[in-house]
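Data first, discussion second: the structure below is written as structure tokens.
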Amino acid sequence: MHERDGHGAGYRGVSRRGFIAGTGSILGAAALGGRALATQPSGPAAAPIAAGANVQALVIGTGYGGSVAALRLAQAGVDVHMIEMGMAWDTPGSDGKIFANTTNPDGRSYWLRTKTKQPLSNFLGFPIDRKIPRYTGILDAEDFSGITVYQGRGVGGGSLVNGGMAVTPKRENFGAILPSVDVDEMYNTYYPRANAGLGSATIDPAWFESAECYQYARVGRKHAQRSGFPFVFVPTVYDWDYMKQEAAGAVPKSALAGEILYGNNYGKRSLQKTYLAQIKATGKVTISPLHRVTSVAPAAGGGYTVVMEQLSTSGDTVATKTVTADRVFFAAGSVGTSKLLVKLKANGALPNLNGEVGQGWGDNGNVMCGRANHLWDPTGSLQASIPTGGIDNWTAGGAFAEVAPLPTGIETYASFYLSITKNPNRAQFSWNAAANRVDLNWQASWKQPSIEMAKSIFDKINRKEGTIYRTDLFGVSKIWGDHLTYHPLGGAVLNKATDNYGRLHGHPGLYVIDGALIPGNTSVNPFVSITALAERNIEKIIATDL
Ligand code: FAE
């Protein structure tokens with residue numbers, strides 16, 4: 001019967017107003033809007049790069065690829081400067097926390113927006129976005145014509161905002177992900193090295209069975225298995241001992257307070273706690289937050305001239321700096337690196353880049369959906385924000401679905417999923433001279449294959465369970481979250497725009513070392529693959545180029 005109201009059985013007897021007022025929840029609080037805003041943290045204390053500096057290695061971006069490159073270069077004795085457009089995220093705001101809670105977004109939450117743009121935009125069909133001050137916040141919802149690409153901004157890149165799922169692809173799928181890379185080397189050396197560096201670990205299975213905060217995942221597993229799909233545990237970078245203490249009430253809550261999209265104040269091992277901590281310990285790396293690279297061009301005396309804008313926290317340019325670097329590593333993320341390279345090829349700054357630059361971009365087949373469960377299948381009012389497992393139907397149906405939390409603080413009777421699918425569509429970045437920007441030609445309709453692949457799992461589960469899709473999370477009467485991606489990949493594909501180790505064709509001393517190298521899909525969540533590939537490439541570059 002609840003099939004007809006489209007809201008799910010769980011909402012019977014709970015009025016909309018009662019629901020919102022009664023929760024203090026991630027979504028409910030967002031719906032209230034207009035709360036007092038925490039004072040924003042101040043800017044970074046460390047001295048940023050000086051205009052006119054002459055550096056050995058300059059790394060653009062501080063996410064996974066950039067952090068691996070900087071650490072290994074520093075360990076090899078090279079002086080490294082990392083340039084990051086986002087903030088340092090090392091100073092608490094007036095609420096005592098570095099990161100804003102998901103339930104109460106403020107300026108810290110979004111990159112230069114005056115209104116939140118939450119991935120789940122609606123609840124019970126009502127929009128939940130709210131006004132915020134414009135600020136250099138942590139999550140960028142970057143709009144292109146056919147897709148919104150979510151990315152982390154700040155020292156740590158995507159590791160600051162992501163779900164922490166640290167998934168190594170199945171070995172048999174690797175050949176389709178990076179066909180020119182030696183599989184044995186990756187699985188024997190670089191995936192283990194990446195996982196060790198990132199601190200990946202799988203949940204204690206006994207605790208999983210009993211933890212209140214993972215009831216949603218146990219329900220997800222039960223429904224998957226009853227329909228004949230394997231449910232697989234995946235490692236994460238969360239500190240599991242810390243989460244157990246959160247559950248016991250012994251420490252401040254982070255995953256169990258629903259923290260995720262706008263930063264995690266305690267238990268998640270973001271890059272700040274792993275690679276970047278090691279980087280700082282070398283003493284050979286400086287990091288300049290709130291600096292955005294705008295140009296790289298060959299310098300007269302060899303090396304490269306790099307131009308950057310220093311930003312204020314309202315996003316204005318307060319200084320423009322020019323430095324020179326012997327080598328430049330593009331690690332601005334799939335979108336950031338692609339936009340820079342496409343612009344620099346078009347405006348003649350890097351004329352020898354080849355025609356593969358800007359090509360081969362994909363969304364890792366991301367699509368989201370929710371299912372409305374029966375009253376006898378509650379998913380729990382307390383949900384850990386860190387997913388622990390997924391439904392693997394990659395071989396038969398082209399989909400790997402992460403069983404995701406919906407941490408609203410109340411019982412929703414909803415199961416929520418982020419599917420990664422084998423979507424074959426690839427888009428291209430191009431320079432739009434009239435608008436002075438880089439465009440991406442992704443089309444909204446290109447998500448349809450992803451929807452079909454996700455349906456290979458959820459239509460079957462719905463039939464088996466006698467349940468329906470939620471239609472209230474992404475708009476009014478809209479089942480699929482097919483307007484976004486969390487996993488941008490490609491744009492400077494390995495062995496095409498670069499050689500087989502990320503050296504850009506046409507300009508010796510320029511390298512790509514981030515998600516732009518991976519051609520659009522990794523079959524699972526991507527950061528372990530980005531990290532492992534960076535470990536492989538930088539080892540070769542240090543051995544042969546320096
Ligand atoms: P990335 O981490 O994006 O770092 C690039 C950095 O460069 C950023 O800090 C930028 O601010 C900076 N930058 C860009 N342009 C410039 C410029 N011009 N000048 C200076 N700096 C610049 O790149 N992946 C998983 O494997 N598991 C998950 O559970 C997961 N969950 C996610 C959840 C969300 C909400 C999001 C947004 C992503 C998630 N991801 C997840 C994806 C993952 O974070 C992403 O693939 C990696 O962060 C990409 O790593 P890169 O090194 O390529």
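The values are calculated or read from the model by the stated rules, or taken from the named source; none is laboratory data. Remember, predicted model here, so these are calculated numbers, not experimental data. Glycine gets a Cβ as well: all are built from the backbone with ideal geometry, and neighbour counts include every protein chain shown. Remember, those area values only see protein heavy atoms, side chains included, never the ligands or the DNA or RNA. Shrake-Rupley method; radii C 1.70, N 1.55, O 1.52, S 1.80 Å.
Of note:
- Check on A299, open to solvent by less than 40 Å² (accessible area, probe 1.4 Å) and more than 15 Å from the ligand (Cβ to nearest atom): yes
- Note on the range 171-198: residues that are out of contact with any Asp or Glu (no Cβ under 8 Å at 6 or more places or on another chain) and closer than 24 Å to L418 by Cβ amount to 10.
- Residue selected from the range 406-423 under the condition over 16 Å from A217 (Cβ atoms) and in a loop (DSSP other than H, G, I, E, B), by the criterion least open to solvent (accessible area, probe 1.4 Å): N423
- So A100, is it in contact with a Phe, Trp or Tyr (Cβ under 7 Å, 6 or more places away or on another chain), surrounded by fewer than 19 Cβ atoms within 10 Å (Cβ to Cβ) and among the small types (G, A, S): no
- Look at (1) of a type in the set (A, V, I, L, M, F, W, C); (2) surrounded by fewer than 19 Cβ atoms within 10 Å (Cβ to Cβ); (3) over 30 Å from Y191 (Cα atoms) and you find that F123 fails only one, number (2).
- Among (1) under 29 Å from A166 (Cβ atoms); (2) more than 13 Å from the ligand (Cβ to nearest atom), the one test that L546 misses: (1)
- Looking across the range 431-477, the residues that are buried (at least 19 other Cβ atoms within 10 Å of the Cβ) and assigned to a loop (DSSP other than H, G, I, E, B) come down to W442, T467, R470, T471, D472, L473, F474.
- Members of the range 483-516 found to be free of Cβ contacts under 8 Å to residues at least 60 places away in the same chain and either in a strand (DSSP E or B) or surrounded by 24 or more Cβ atoms within 10 Å (Cβ to Cβ) (or both), listed by number: T498, G502, R503
- Within the range 100-123, the set of residues being assigned to a loop (DSSP other than H, G, I, E, B) and within 13 Å of the ligand (Cβ to nearest atom) comprises T102, L112, K117, Q118, P119, L120.
- The requirement of being open to solvent by less than 20 Å² (accessible area, probe 1.4 Å), modelled with pLDDT of 95 or more, within 16 Å of the ligand (Cβ to nearest atom) and under 25 Å from A497 (Cα atoms) is not satisfied by V403.
- Residue within the range 243-258 that is crowded, with 20+ Cβ neighbours inside 10 Å and touching a strand residue (DSSP E or B) at 6+ places or on another chain (Cβ under 8 Å) present: yes
- Checking each residue of the range 142-155 against the condition of being of a type in the set (G, A, S) and under 11 Å from the mean Cα position of the chain (by Cα) gives at least one match.
- Taking the criterion of being out of contact with any strand residue (DSSP E or B) (no Cβ under 6 Å at 6 or more places or on another chain) and part of a helix (DSSP H, G or I), the residues of the range 44-76 that qualify are Y64, G65, S67, V68, L71, R72, Q75.
- Whenever a residue of the range 379-397 is among the charged types (D, E, K, R), its partners that are open to solvent by 20 Å² or more (accessible area, probe 1.4 Å) and more than 13 Å from the ligand (Cβ to nearest atom), lying with C-beta atoms within less than 7 angstrom and at least six residues away or across chains, give the pairs D392/P230; D392/V232.
- Only one of the numbered conditions (1) within 16 Å of the ligand (Cβ to nearest atom); (2) touching a Ser or Thr at 6+ places or on another chain (Cβ under 8 Å) is not met by N436, and that is (2).
- Selection from the range 138-150 of residues that are touching a residue at least 12 places away in the same chain (Cβ under 8 Å) and open to solvent by 20 Å² or more (accessible area, probe 1.4 Å): E142, F144, S145
- G301 vs. criteria more than 18 Å from G515 (Cβ to Cβ), of a type outside the set (F, W, Y), outside any strand (DSSP E or B) and at pLDDT below 95: yes
Condition check ((1) assigned to a loop (DSSP other than H, G, I, E, B); (2) closer than 23 Å to G63 by Cβ; (3) among the charged types (D, E, K, R); (4) within 15 Å of the ligand (Cβ to nearest atom)) across all residues:
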| position | (1), (2), (3), (4) |
| --- | --- |
| T324 | no, no, no, no |
| V335 | no, yes, no, yes |
| V357 | yes, yes, no, no |
| N364 | yes, yes, no, yes |
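- Note on the range 158-176: residues that are open to solvent by less than 10 Å² (accessible area, probe 1.4 Å) and either assigned to a helix (DSSP H, G or I) or more than 29 Å from M87 (Cβ to Cβ) (or both) total 4.
- Any hit, the range 211-221, residues being outside any helix (DSSP H, G or I), touching a residue at least 24 places away in the same chain (Cβ under 8 Å) and more than 14 Å from the ligand (Cβ to nearest atom): yes
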